[in-house]
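Asker: Please read through the structure below; I'll follow up with questions.
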Amino acid sequence: MLEKIFIEKRLISDIKDEKQFAFWHLIPEDKARSLSLLETVLRNLTVIDDEIKENLNKKTSYKVMNILRIASAEMLFNNIPIHAAVDCAVRLTKADKKLEGCSGLVNAISRKIAKKLIDGRKLDDPLLSKDFVASLKSVYEFSIIKKFGLAQKKRPPLDLTIKDTGREQFYANLLQGVLLPSGTLRLPNQTQVSKIQGFDEGEWWVQDFSASIPVKLLGPIDGLMALDVCSAPGGKTMQLVSRGAQVTSIEISKRRARQLFQNLSRTKLTADIVIQDICKFDIKQLFDLVLVDAPCSATGTIRRNCELQYLEPFRRINSLVEQQKEILKKAMCFVKPGGRLIYSTCSLFPSEGEKIIEEILQDFKNWRQQLISGKSLGIRPEWIDRHGGLRLRPDFWDSFGGMDGFYVAILLREK
């Protein structure tokens with residue numbers, strides 16, 4: 001799995017779903033252990049690699065490097081007994097005929113790393129990948145980037161949006177979670193989602209605090225006509241419908257649209273689903289609300305998708321920005337005079353958020369940006385920029401378990 005991420009630049013979600021790959025055939029307990037160990041390596045990679053390189057005098061193959069990373073993660077972070085982790089690493093090396101001659105090296109390096117534990121020396125805090133840090137330095141101070149690294153050190157808590165706001169406290173008590181000011185229910189421990197009470201009944205869906213905020217900023221929307229652009233897997237569509245809006249959801253991907261339909265079916269909510277490219281969408285109807293959760297680098301989700309930083313998402317930003325502008329301009333055509341458009345991306349880069357809105361408003365003179373005010377949702381004034389947009393970061397609310405990085409802007413079409 002490490003090889004597929006580092007060499008093939010694959011997402012964990014794609015690797016898990018590949019039926020030809022060994023992971024697919026593991027029993028659930030082994031799948032859970034594999035994913036846990038994989039994430040431990042990825043979330044602490046800079047620390048692990050520093051320990052390996054400190055004891056390694058020469059370059060070795062990437063396969064040997066990955067074996068050493070796994071052994072290091074087990075010893076340094078998972079409290080696996082040293083002899084067991086070292087023995088497994090050696091046997092794993094010997095199992096590959098091409099690596100068999102490296103088993104002595106793996107044994108020696110693993111034991112040197114273990115000595116740090118025996119001596120009781122403190123480990124450094126993890127950083128993000130070197131290339132990712134370099135790209136972020138153009139936007140953030142290094143002290144903030146270091147906080148991003150800390151934010152993804154551990155698997156984040158699980159956030160749920162309750163379908164009926166009147167039952168938020170009920171589920172907080174039932175599931176022993178923490179109810180955030182926004183109404184999001186935060187469960188401190190990750191568990192199998194389908195086994196949580198209320199799943200089969202469709203009483204809630206998984207949605208990070210940040211992702212839930214755009215719809216909640218709209219206030220009362222009962223009876224309004226809403227268009228949700230790039231809508232799958234459907235978190236915002238379900239929010240809109242559950243709050244009384246009449247919703248049309250557009251999704252270009254048939255596979256993702258099936259996921260949207262399944263989520264609506266489970267939660268017993270109804271929306272009109274259109275499988276089409278928004279840029280080719282043609283309808284005379286105008287809407288009170290249009291939501292654009294645009295395709296983006298997803299760099300704000302590094303707490304949950306720890307492999308993203310090694311897939312070089314920042315290299316796609318220029319092409320993504322052009323796509324975002326095209327989608328936003330088209331979506332603006334469907335807003336009634338006096339209506340609102342809410343634009344969001346789960347990106348850490350202003351080029352996918354603040355700068356796009358600034359550029360769009362220069363070209364469209366009959367639009368203006370609304371000042372966001374979300375004090376009742378737990379949003380702090382310093383998170384709002386001078387134009388009224390909301391910038392959320394992974395290091396915010398670190399004592400509560402953090403949040404995804406997000407940008408949100410509300411645009412008003414003047415009458």
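Asker: Could you look through region 71-114, keep only residues that are of a type in the set (S, T, N, Q) and part of a helix (DSSP H, G or I), and pick out the one that is surrounded by the most Cβ atoms within 10 Å (Cβ to Cβ)?
Answerer: Only one residue fits best here, namely S72.
Asker: Would you confirm whether any residue within region 328-351 is more than 16 Å from the chain's Cα centre (by Cα), β-branched (V, I, T) and in a helix (DSSP H, G or I)?
Answerer: No: zero hits.
Asker: Here's something else I'd like to know. Among the numbered criteria (1) touching a residue at least 60 places away in the same chain (Cβ under 8 Å); (2) surrounded by fewer than 17 Cβ atoms within 10 Å (Cβ to Cβ), which one does Y62 miss?
Answerer: Of everything listed in (1) touching a residue at least 60 places away in the same chain (Cβ under 8 Å); (2) surrounded by fewer than 17 Cβ atoms within 10 Å (Cβ to Cβ), Y62 misses just condition (1).
Asker: Now for a separate question. Taking the residues in region 213-228 that are touching a helix residue (DSSP H, G or I) at 6+ places or on another chain (Cβ under 6 Å) and part of a strand (DSSP E or B) as candidates, determine which candidate is surrounded by the most Cβ atoms within 10 Å (Cβ to Cβ).
Answerer: D228
Asker: Select from region 119-139 the residues that are within 15 Å of V47 (Cβ to Cβ) and of a type in the set (D, E) and write down the one among them that is surrounded by the most Cβ atoms within 10 Å (Cβ to Cβ).
Answerer: For region 119-139, the residue satisfying everything is D125.
Asker: Follow-up. Please state which of the following conditions Q262 fails to meet, knowing it meets all the rest: (1) under 23 Å from the mean Cα position of the chain (by Cα); (2) crowded, with 18+ Cβ neighbours inside 10 Å; (3) outside any loop (DSSP other than H, G, I, E, B).
Answerer: Evaluating Q262 over (1) under 23 Å from the mean Cα position of the chain (by Cα); (2) crowded, with 18+ Cβ neighbours inside 10 Å; (3) outside any loop (DSSP other than H, G, I, E, B) leaves (2) as the failure.
Asker: For region 296-306, does any single residue satisfy the condition of being touching a residue at least 60 places away in the same chain (Cβ under 8 Å) and touching a Cys at 6+ places or on another chain (Cβ under 6 Å)?
Answerer: The answer is yes, given that some residue of region 296-306 is touching a residue at least 60 places away in the same chain (Cβ under 8 Å) and touching a Cys at 6+ places or on another chain (Cβ under 6 Å).
Asker: Related question: Here's a check for you: in region 136-166, which residue that is at pLDDT 95 or above and among the hydroxyl-bearing types (S, T, Y) is farthest from L269 (Cα to Cα)?
Answerer: Of everything passing the filter in region 136-166, S143 is farthest from L269 (Cα to Cα).
Asker: Can I ask one more? I'd like to check something: does region 175-190 contain any residue that is part of a helix (DSSP H, G or I) and free of Cβ contacts under 8 Å to residues at least 60 places away in the same chain?
Answerer: Yes, that holds for at least one residue.
Asker: Can you confirm whether region 140-162 contains a residue that is in contact (Cβ under 8 Å) with a residue 12 or more places away in the chain, charged (D, E, K, R), in contact with a strand residue (DSSP E or B) (Cβ under 8 Å, 6 or more places away or on another chain) and surrounded by 15 or more Cβ atoms within 10 Å (Cβ to Cβ)?
Answerer: Yes: region 140-162 contains one or more residues that are in contact (Cβ under 8 Å) with a residue 12 or more places away in the chain, charged (D, E, K, R), in contact with a strand residue (DSSP E or B) (Cβ under 8 Å, 6 or more places away or on another chain) and surrounded by 15 or more Cβ atoms within 10 Å (Cβ to Cβ).
Asker: Give the residue, chosen from Q176, Q239, Q192, that is polar (S, T, N, Q) and buried (at least 18 other Cβ atoms within 10 Å of the Cβ).
Answerer: Q239
Asker: Scan region 7-20 and give yes if some residue there is surrounded by 12 or more Cβ atoms within 10 Å (Cβ to Cβ) and more than 22 Å from R255 (Cβ to Cβ), otherwise no.
Answerer: Looking through region 7-20, none of the residues is surrounded by 12 or more Cβ atoms within 10 Å (Cβ to Cβ) and more than 22 Å from R255 (Cβ to Cβ).
Okay, residues lined up against (1) assigned to a loop (DSSP other than H, G, I, E, B); (2) hydroxyl-bearing (S, T, Y); (3) within 30 Å of F132 (Cβ to Cβ):
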{"residue": "E29", "(1), (2), (3)": "no, no, no"}
{"residue": "A32", "(1), (2), (3)": "no, no, yes"}
{"residue": "D49", "(1), (2), (3)": "no, no, yes"}
{"residue": "T60", "(1), (2), (3)": "yes, yes, yes"}
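Asker: Same structure, new question: Would you pick out the residues in region 70-118 that are of a type in the set (S, T, N, Q), touching a residue at least 12 places away in the same chain (Cβ under 8 Å) and either under 15 Å from T40 (Cβ atoms) or not assigned by TED's automatic domain parsing to the domain that holds N55 (or both)?
Answerer: S72, N78
Asker: Any residue that is modelled with pLDDT of 95 or more, over 27 Å from A172 (Cβ atoms) and more than 19 Å from the chain's Cα centre (by Cα) - is there at least one of those in region 234-245?
Answerer: Scanning region 234-245 turns up no residue that is modelled with pLDDT of 95 or more, over 27 Å from A172 (Cβ atoms) and more than 19 Å from the chain's Cα centre (by Cα).
Asker: Let me ask another. Quick one: F148 ticks every box in (1) aromatic (F, W, Y); (2) out of contact with any Gly (no Cβ under 9 Å at 6 or more places or on another chain); (3) not in a loop (DSSP other than H, G, I, E, B) bar one, so which box is it?
Answerer: All conditions are met except number (2).
Asker: Can you tell me how many residues within region 268-308 are under 14 Å from S347 (Cβ atoms) and part of a helix (DSSP H, G or I)?
Answerer: Final tally of qualifying residues: 4.
Asker: So E39 ticks every box in (1) among the charged types (D, E, K, R); (2) surrounded by fewer than 17 Cβ atoms within 10 Å (Cβ to Cβ); (3) part of a helix (DSSP H, G or I) but one. Which box is left unticked?
Answerer: (2)
Asker: Right, here's the next one. Listed residues S249, S231, S210; which is assigned by TED's automatic domain parsing to the domain that holds S347, part of a loop (DSSP other than H, G, I, E, B), surrounded by 22 or more Cβ atoms within 10 Å (Cβ to Cβ) and of a type outside the set (D, E, K, R)?
Answerer: Step by step, each of S249, S231, S210 is checked, and only S231 is assigned by TED's automatic domain parsing to the domain that holds S347, part of a loop (DSSP other than H, G, I, E, B), surrounded by 22 or more Cβ atoms within 10 Å (Cβ to Cβ) and of a type outside the set (D, E, K, R).
The values are calculated or read from the model by the stated rules, or taken from the named source; none is laboratory data. In this text the structure is predicted, and so the values were computed from the model without any measurement. No Cβ is skipped: glycine too gets one built from the backbone with ideal geometry, and neighbour counts run over all protein chains shown.
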